[in-house]
Amino acid sequence: MSQDAAVPSSRGSESGKKLGFFARIALFLRQVIDEMRKVVTPTRKELITFTSVVLVFVLIVMGLVYGFDTIFAWLTSQVFGVPGRPTL
């Protein structure tokens, strides 16, 4: 038995024939529909929990970015001075 026989064909159907353009589109759409059937819609409580977690995370990241921006702006003004103001 050759090594090629053990490797599954990725060309389309099980018979090894290459699928046509429209057959590949139909196969893709069937696979999308099959995957969509597996999707579980969250309950209202889960949705509120997930949304709250995302909003809190975004607020934390916004605070970190604001803090770093403020620190770097202060540091930059200390190193290079404020434009229009003479340095001592």
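The values are calculated or read from the model by the stated rules, or taken from the named source; none is laboratory data. Because the structure is predicted, anything quoted here is derived from the model rather than measured. All Cβ positions, even for glycine, are placed from backbone atoms using ideal geometry, and neighbour counts span all protein chains on display.
Every condition in (1) among the charged types (D, E, K, R); (2) within 29 Å of the chain's Cα centre (by Cα); (3) modelled with pLDDT under 95 is met by ARG44 except one, and the failing one is (3).
Scanning segment 38-86 for residues that are of a type in the set (Gly, Ala, Ser) and either part of a helix (DSSP H, G or I) or surrounded by 10 or more Cβ atoms within 10 Å (Cβ to Cβ) (or both) yields SER52, GLY63, GLY67, ALA73, SER77, GLY81. Considering only residues that are out of contact with any helix residue (DSSP H, G or I) (no Cβ under 9 Å at 6 or more places or on another chain) and hydroxyl-bearing (Ser, Thr, Tyr), look in segment 1-35 and name the one that is modelled with the highest pLDDT. Within segment 1-35, the match that is modelled with the highest pLDDT is SER15.
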